Structures are given as C-alpha cells and as structure tokens.
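*Asks:* Take a look at this one; I'll ask things after.
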Amino acid sequence: KISHRPLLIACSEADLSSGEAKNLGPVSGPNRQRDLCTFCTISLDQEEVFRTKVFDKSVSPFYGEDFYFEIPRPFQCLSFYVYAKSVFQRDLPVGKVSIRKDDLCKYSGKENWFSLHPVDPNSEVQGKVHLEMRLNEVITENGSVGQHLSVRIIECQGLPLISGQNCDPYATVSLVGPASKTCHVHLQVTRSSSYSKKSHFQVEEEDIEKLEIKVDLWNNENLAQDVFLGETRVPVKILQNDHIHKAWYLLQPKGNGSKSKSDDLGSLRLKLTYIEDTVLPSACYTPLCNLLLKSPDVKPISASAAHILGDICRERYEAVLPMVRLLLHHNRFVPFVSAVAALELDNTQEANTIFRGNSLATRCIDDMMKIVGKNYLAVTLKPVIDEICESNKTCEIDPIKLKEGDNVEVNKENLQGYVQKVFSSITQSSSSCPPLMCDVFRSLRHLACKRFPADPHVQYSAVSSFVFLRFFAVAVLSPHSFQLRSHHPDPEISRTLTLISKTIQTLGSWGSLSKKLVRSTIVLAVINKQFNQLHFTVAQSYSSLVRDLQPCGCPFREVQKRTQGKKRLGKKNFKKRWLKVTNRELTYHKHKGKEAICIINVKNIRAVEKLDESAFNRKNMFQVLHSEKPLYVQAGNCVEASEWLEVLGQVCRCNEGRLATFHPSTYSGGSWQCCKSLSSSAPGCTHCTTTMLANLQLDIDCDRETERIFSLLSSNDTKLQDMEDACASMAVYQGPQREQEEYSKFTIQEPKETFQTLKQLRNIMEELRRQHIVRNYTIAYGSLDNPIVGKTS
C-alpha cells in the first residue's frame, strides 16, 4: 500500500503553505481591472480542499496561509488556483500552478516561485482508464492477409466530480494516423464506469508504425455542451500479434489547449513539504517495531533504539513524531519520556533552566501534547479566541506602534480583559485535561523534586514550562496551526494575540523569573491576582488523574444531507444544511447559526461509518446510525469527510449499544444493496470501524509510522556508522576520558550496550531494504498502482 503523508502549504508533513503572488495579470470578462480582490485555492486533482481568505485589491497579495492535511486517497496532481473575487458573477480564474504527484518531491521542503498558467478546461483532467487491445492477423474477403485491431475499455477510475456529482462518461476510440486511415467509434460508458463493448479496426501492415489508438473520455451533459475528461494515446506498434495487451493509462490533457504566455499572468510563491511512504506488509516491520517498543526498558536509556533515533536526527524536529505516535499507540510513551526526562535532569545544573532547551524529552512531550491535547485546546481556548478575533478590539500598548486616535489606557483595559478571560479558561480547564498528559506531568513533577529537593518551586516550573510556554501560549499565538481558526488572523488581531501569548508565557515562568521582570508587563494586576490560583492549578490539577476528555464543539460546516427516509431515493431528497456537533448533540440547521431543524443526542449515536459511493452515486458520503433512521451526509470534499468521521467517532466512542456491524449501502427496492438481504432490520454485513475505548482516540497506522522511522534511519546511515565507530573506540580505549569530536555528537553512556543496539538496527534495516527492492520489482508498469503515462496530442 502507498501511504501519503500530510501536505502542508508553507508548513510540513504533507504541509502546504500559500505565501504570496506577484504581478497578477488581468482576468477575462467585463471587469479587467488590475487591482484585484483575489483568493487562492488548493485542489487534489479537481477537488478543492482549501481556500485562503480574500485579499483586498492588490496585484501582489500576500496570503500567508498554512494548510496541513493527510491525503485520504490516490491523486495525480496538486493544483493551486488564483481567483478574482466577483460579487455579481462567478469568481474568475486568474491562473493556476499544477504540480504532478511524481514531481512533488523535487519541490518538497523548499520555497519556490511558480509561474501562473491559464485555466483551460481541456487541461483540467484526472483519472485513469483500463484498456485491453489486441492486434491479430485475419484473412480478408479477397483472400489476402490483413491486420485486425480490437480495443476494449474495461473501466475508468478517479474521474472528476462534475458540479459536485459523479460524471456520466462516454468514450470515443479513434485510430489516428494518415488522414485516409482515421476512423471513430463512439462507446457509451455506464455510470459504474465499466463496460465491455469493443471497437474494431482493419489495419494495413505498412501503417502500423504510423498509427496510434486514441481514447477520449467525455461527460454527457445532456442539454449543455459535453465536458472533456481526458485522453490517452497508445502506439499500435507496441502490440504483438495475437497477444492481448492489458494496461492502465493515465488520462492526459489535450495538447491544443490555451497557449497564452504564463508570464502575463503573474507568479505564486509556495513552500510545501510532501512525504509519501511505501508501506510493506505488517510482518516486515515486526522486528523494528519490537526493538523500538523495548526502548523504555533499556538501561541506560541512551542505548535504546528510540533514543538513538532522536540522537542522530536532532537537527530534524519532525523526526520524533513517528516514534511518539508508535509509543502512544502501544502505551509505552510515559515510561520512555520519563526515562529521557530523568537523563536530561541529570545534566541540568540549575532549577530555573529546567526543560527549557530543545532536547529529546521536550520534543517528545511537545508532539504528544499536539496529538493528545488537540480537543483539549479547542474546549479551553476556542471560545475565547473566537471572541478576540470577532470583537476586534484594539489592544496595542506600545507607544511607537499606536495609531492616531488610539487611547493607550483603553487599549490596556482591553488587553487586561482578554488576558483575564484566557487565563481563567486555562485555570478552570483542569478537569478536561487528557489523563495521559496528567500522567506525564505527574512524572515530571516527581523527577524534578527528586533532582532539586531544596527548591520548593521546581515542581511547578517543571509542569508550567510545558502547559503554559509550550502549549497554551503557542496555541494563542498561532490559533490556525492548532485548528482553532480556519485562517490566519489579520495583522491587528495577530498583534493582540502576540501580547496575550507573551503574558501567558510570563505567568508560566513566574517561578523562575524575578518579580522585577514581571513588573515590566502591563498585566501585573492579573498576575498578582491569579498567582496562587496558578500554582494550585499546576501543582494539584494538571498533575492529578482526571476524568476523560470531553470532545470539543465543532464549527458549523456546510454539507449535503439526505432526508431520513421520508421520500424515495433521488437527487431531490438531498438538501444543503449546516452541520454542527458538540459533546452533547449533533444538529443540522437550514442557516448557519440559526435554530436547529433536527437534534440527535450524541448518546443515541450507535455508529458513524462511510457510505459506498454507489449508494447515491455521490462521493464523500458518510452515515450516522442512531436510534431512528440513518442520517446520510455528503461532505464538501474528501478531507472534510475524513474529519467528520474522526470527530463524530470521538464523541460517540464510549456510547452504550454501539453496533458491531453496519451496512455500507442503503436499503432500497426491498433489499440492502450491499448484501442483498431482504429484511430492513437485517444485521450489518461489514464490521464497524474499531475505536479505542480509552483516554486516547488516535488513528495511528503503526506500519506507516515504522516505515517513516526506517526512512529516517536510512537517510542518516552515515551518522549511524559514526556512532558505531565512536562506541567501538570508547570501548577499546583504556586511557583517561577525553572529549573527542565524534563522542560529543552523541549521547553514549554505555558503549557496549549502544553498539549492540546499533548492530541490531543495521541488520533490521538491511532486511527492510531487501523487502523494498523486491516490492518495487513486482509492481508492473501499466498496473493500477503504476499506470502508463500515455502520449498527448
């Protein structure tokens, strides 16, 4: 299986970052002004998954948006479109940047300017077609020997949505060559994108070298002009007599599309990080996974495989994440992070610098909090962050940055009010803190007291350095990065959030900062008032085992909802509604923020599962099974559908009476369309998605995470060898201890133990490399996973 890591636009791990555009050209249409109100969208093939805010009139807008997502399906192209916003008509495309999947790695991790190209309907293609072709000798009517060519289109996959619906495709098959030899055959494709009708051609032997089979796919628009879906061309000369050639081909754009100069349309600056892992069968990863999971038990911890990974990848902050995910999934995170934290504390000389560096322990805890504490952040901060962003009160207190007419005293009161609300939200949220975070904080508190027994405040600073400095303060500063806001705030709001974040950092550092430094802030009254409450919260609440996390409220999202069995199946039964979920109820609304049309108690939800595309001929469908009739919902795109399944799965994961099986299709025509059972109350034919009935709800693919760790180890093979050489040198050398350059790069306490672990890692990596070579060799060119890129016109 191929595993697609996140895409981040200007960020990382399938990260995308839409930076800025420059010298945008005029758009077609009646309004050709050069001062455009523009926005940028991101699409997987032709499916939009993200759009930026509208940037006011400028030919060189700075979007500054970051976007991160797991890619939930195969794709061919990642595209960025710049649109000019229009009030009275459809938004007009300015230009686009399209990057093929195979080319993403060339640009990954780099910032690049890309020229915008015209948005031409004939170039907007995606999908692949499965062809069967055969060339064989036949005896013609006059007794001569000729060539007979047959072409069959078996099926198509990955065709685009047309106006939000699955397309209604048909194909034309042509034999293209000398003008006198060209002919066309029209083939209708069923809605299942599969058919068996063949096209036949008589071919002269002398023309075989010159002829091509051309397959064009179109969408049947009935009353409107048909839409071009793509084409592929296959040279006839590759076919062998009497042999059937079966292969998948990628659909290509027409070569005669718009030839406008891309320089006239401007440029778009992007930074993206794309990671794709080829994941082997689970059995291949068992040795590496077991070696990593033994890490917490290895003495000393620096000789463990997990610590070695962190040691050789210390310059790469994201390297720790797959290891953290793996340890979390197997409930081995707390003992491991306790061991590495104890090692760090042994090397810490002063209590006021505890956990302030970028060490393996702090990196592991940072990643853990981002994974485990996502909902906790939303419960605690999202309401007050929304209020700050929407009320838009001025809070600038720097005299140099004050605007004309600003009153510094009023601004100070605004800022103090916001700080009070944020701080109160944090100190009153301890009951929602995930138990795993509490376990880690309790361990840190115990270790800090043991290391610095004479310092009464170190037990507080050990915890507050994470809770305030690395968690809440960072989330306040950048709410978009933690999914608390859908877009980056504007500059004035961003400045307000910066001031609040700095104050939260000061509160978290109280135990290790002098009162002289604290008095320099403008929130002294708030700090003095809340100091005792702060210490009580950190010492008692965050370090105690508390009840399970309550899922957060979700923002309104627009979806297509089918009425629940009130009418017969059909398009007219789908209506646009605004869907919202809290930890108590799932509701849908006719208008955003208005009274709910329907309320489903979360306790009554028995399962949330995907719905087959064939059920309604619609993509991105899911179903909510509750005490009444199922609720069928179509999300806006594949990313939103995945997010809804995750969120709804979390809120109902501990419900009583959850279903063990479900039907992935609908009941219509007197039977279930999936298993053909006649009874509407028949048990489901497919097992429900398993959920973790624990304090964590993590969707972790351990095979993929282990493959990512293998890739990291492989890319640092030189460092592994250097570490192995250093261990061998230290074990043999009997003279006085001395600092050598190769020793100082790594943490080596017991050379022999570390050397043994390194040898185990090397043996495991060698076997995984061999498995990858075998796997790559077995993927045939022209298969579904490796389709042929055909010629274009």
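The values are calculated or read from the model by the stated rules, or taken from the named source; none is laboratory data. What you see is a predicted model; the values in this text were computed from it and never measured. As a convention, Cβ positions derive from the backbone with ideal geometry for all residues, glycine included, and neighbour counts pool all protein chains shown. Surface areas here come from the heavy atoms of the whole protein model, side chains and all, with no ligands, DNA or RNA. Shrake-Rupley method; radii C 1.70, N 1.55, O 1.52, S 1.80 Å.
*Asks:* Does segment 276-288 contain any residue that is touching a Leu at 6+ places or on another chain (Cβ under 7 Å), open to solvent by 10 Å² or more (accessible area, probe 1.4 Å), in contact (Cβ under 8 Å) with a residue 60 or more places away in the chain and in the same structural domain as residue 764 (by the TED database)?
*Replies:* yes
*Asks:* Going through segment 318-350 one residue at a time, which ones are open to solvent by less than 20 Å² (accessible area, probe 1.4 Å) and in contact (Cβ under 8 Å) with a residue 60 or more places away in the chain?
*Replies:* Those that are open to solvent by less than 20 Å² (accessible area, probe 1.4 Å) and in contact (Cβ under 8 Å) with a residue 60 or more places away in the chain: 319, 322, 323, 326, 328, 333, 337, 341, 345, 348.
*Asks:* Evaluate segment 59-67: report whether one residue or more is on the phi > 0 side of the Ramachandran plot, outside the structural domain of residue 161 (by the TED database) and outside any loop (DSSP other than H, G, I, E, B).
*Replies:* Scanning segment 59-67, I find at least one residue that is on the phi > 0 side of the Ramachandran plot, outside the structural domain of residue 161 (by the TED database) and outside any loop (DSSP other than H, G, I, E, B), so the answer is yes.
*Asks:* Right, here's the next one. Could you tell me which of the residues 347, 352, 331 is on the phi > 0 side of the Ramachandran plot and out of contact with any Phe, Trp or Tyr (no Cβ under 9 Å at 6 or more places or on another chain)?
*Replies:* 331
*Asks:* So, one more: Can you say whether residue 271 is open to solvent by 30 Å² or more (accessible area, probe 1.4 Å), at pLDDT below 90 and over 27 Å from residue 230 (Cα atoms), as far as the supplied structure shows?
*Replies:* Yes.
*Asks:* Related question: Out of the residues in segment 410-465 meeting the condition of being out of contact with any helix residue (DSSP H, G or I) (no Cβ under 7 Å at 6 or more places or on another chain) and among the small types (Gly, Ala, Ser), tell me which one is nearest to residue 350 (Cα to Cα).
*Replies:* Checked segment 410-465; the qualifying residue nearest to residue 350 (Cα to Cα) is 454.
*Asks:* Ok, one more. What are the residues in segment 366-407 that are hydroxyl-bearing (Ser, Thr, Tyr) and either open to solvent by 40 Å² or more (accessible area, probe 1.4 Å) or more than 30 Å from the chain's Cα centre (by Cα) (or both), if any?
*Replies:* Result: 391, 394.
*Asks:* Can you tell me which residue is farthest from residue 379 (Cα to Cα) among those in segment 599-617 that are modelled with pLDDT of 90 or more and hydrophobic (A, V, I, L, M, F, W, C)?
*Replies:* Applying the filter and picking the extreme gives 611.
*Asks:* Of all residues in segment 473-493, which are farther than 10 Å from residue 389 by Cβ and open to solvent by 40 Å² or more (accessible area, probe 1.4 Å)?
*Replies:* Residues satisfying the conditions are 474, 477, 481, 483, 486, 488, 491, 492.
*Asks:* Anything in segment 38-49 that is open to solvent by 20 Å² or more (accessible area, probe 1.4 Å) and part of a strand (DSSP E or B)? List them, or say none.
*Replies:* 47, 48
*Asks:* Among the residues of segment 614-633, which ones are open to solvent by less than 30 Å² (accessible area, probe 1.4 Å), over 16 Å from residue 163 (Cβ atoms) and either small (Gly, Ala, Ser) or assigned to a loop (DSSP other than H, G, I, E, B) (or both)?
*Replies:* Passing the criteria: 615, 626.
*Asks:* Let me ask another. How many residues are assigned to a loop (DSSP other than H, G, I, E, B) and either open to solvent by 30 Å² or more (accessible area, probe 1.4 Å) or of a type outside the set (A, V, I, L, M, F, W, C) (or both) when one looks only at segment 351-360?
*Replies:* The qualifying residues number 4.
*Asks:* Is it fair to say residue 636 is at pLDDT 85 or above, touching a Phe, Trp or Tyr at 6+ places or on another chain (Cβ under 9 Å) and surrounded by 13 or more Cβ atoms within 10 Å (Cβ to Cβ)?
*Replies:* No.
*Asks:* Okay, next question. What about residue 363, is it within 26 Å of the chain's Cα centre (by Cα), of a type outside the set (Gly, Ala, Ser) and open to solvent by 10 Å² or more (accessible area, probe 1.4 Å)?
*Replies:* No; evaluated as a whole, the condition is false for this residue.
*Asks:* Could you give me the residue pairs with C-beta distances under 6 Å whose first residue belongs to segment 405-423 and is more than 18 Å from residue 382 (Cβ to Cβ), whose second residue is surrounded by 14 or more Cβ atoms within 10 Å (Cβ to Cβ) and at pLDDT 90 or above wherever it lies, and which are 6+ apart or on separate chains?
*Replies:* Hits for this filter: 415/499.
Rundown of residues vs (1) part of a loop (DSSP other than H, G, I, E, B); (2) of a type in the set (A, V, I, L, M, F, W, C); (3) modelled with pLDDT of 80 or more; (4) in the same structural domain as residue 69 (by the TED database), yes/no style:
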residue: 426; (1), (2), (3), (4): no, yes, yes, no
residue: 438; (1), (2), (3), (4): no, yes, yes, no
residue: 442; (1), (2), (3), (4): no, no, yes, no
residue: 445; (1), (2), (3), (4): no, no, yes, no
residue: 464; (1), (2), (3), (4): no, no, yes, no
residue: 469; (1), (2), (3), (4): no, yes, yes, no
residue: 488; (1), (2), (3), (4): yes, no, no, no
residue: 493; (1), (2), (3), (4): no, yes, yes, no
residue: 499; (1), (2), (3), (4): no, yes, yes, no
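*Asks:* Shifting gears a bit: Return the total of residues in segment 135-161 being within 30 Å of residue 619 (Cβ to Cβ) and either in a strand (DSSP E or B) or at pLDDT below 75 (or both).
*Replies:* 8
*Asks:* Taking segment 590-637 on its own, how many of its residues are aliphatic (A, V, I, L, M) and either over 20 Å from residue 649 (Cα atoms) or not assigned by the TED database to the domain that holds residue 650 (or both)?
*Replies:* 3
*Asks:* Looking at 251, 239, 229, 217 in this structure, which one is more than 25 Å from residue 76 (Cα to Cα), in contact (Cβ under 8 Å) with a residue 40 or more places away in the chain and open to solvent by less than 30 Å² (accessible area, probe 1.4 Å)?
*Replies:* None of the others qualify; the one that does is 239.
*Asks:* Shifting gears a bit: Give segment 660-690 a look and list any residue that's part of a loop (DSSP other than H, G, I, E, B) and open to solvent by 50 Å² or more (accessible area, probe 1.4 Å), or say none.
*Replies:* 660, 669, 673, 676, 678, 679, 680, 681, 683, 685, 689, 690
*Asks:* Which one of these is farther than 25 Å from residue 368 by Cα, at pLDDT below 90 and in a helix (DSSP H, G or I): 780, 726?
*Replies:* 726
*Asks:* When segment 393-427 is examined, which residues are found to be touching a Cys at 6+ places or on another chain (Cβ under 7 Å) and closer than 22 Å to residue 475 by Cβ?
*Replies:* The answer is 414, 415, 418.
*Asks:* While we're looking at this one, here's another question. Quick check, is residue 645 surrounded by 20 or more Cβ atoms within 10 Å (Cβ to Cβ) and touching a strand residue (DSSP E or B) at 6+ places or on another chain (Cβ under 7 Å)?
*Replies:* no
*Asks:* Next question. Restricting to segment 84-133, and then to whatever is without any contact (Cβ under 8 Å) to a residue 12 or more places away in the chain and loosely packed, with under 13 Cβ neighbours inside 10 Å, can you tell me which residue is farthest from the chain's Cα centre (by Cα)?
*Replies:* Looking at the filtered set, the residue picked out is 88.
*Asks:* Contact list please: Cβ distance under 8 Å, first residue in segment 297-308 and in a loop (DSSP other than H, G, I, E, B), second residue among the hydroxyl-bearing types (Ser, Thr, Tyr) and open to solvent by less than 30 Å² (accessible area, probe 1.4 Å), pairs at least six apart or on different chains.
*Replies:* From residues that are in a loop (DSSP other than H, G, I, E, B), the pairs are 298/304; 298/757; 304/295; 304/757.
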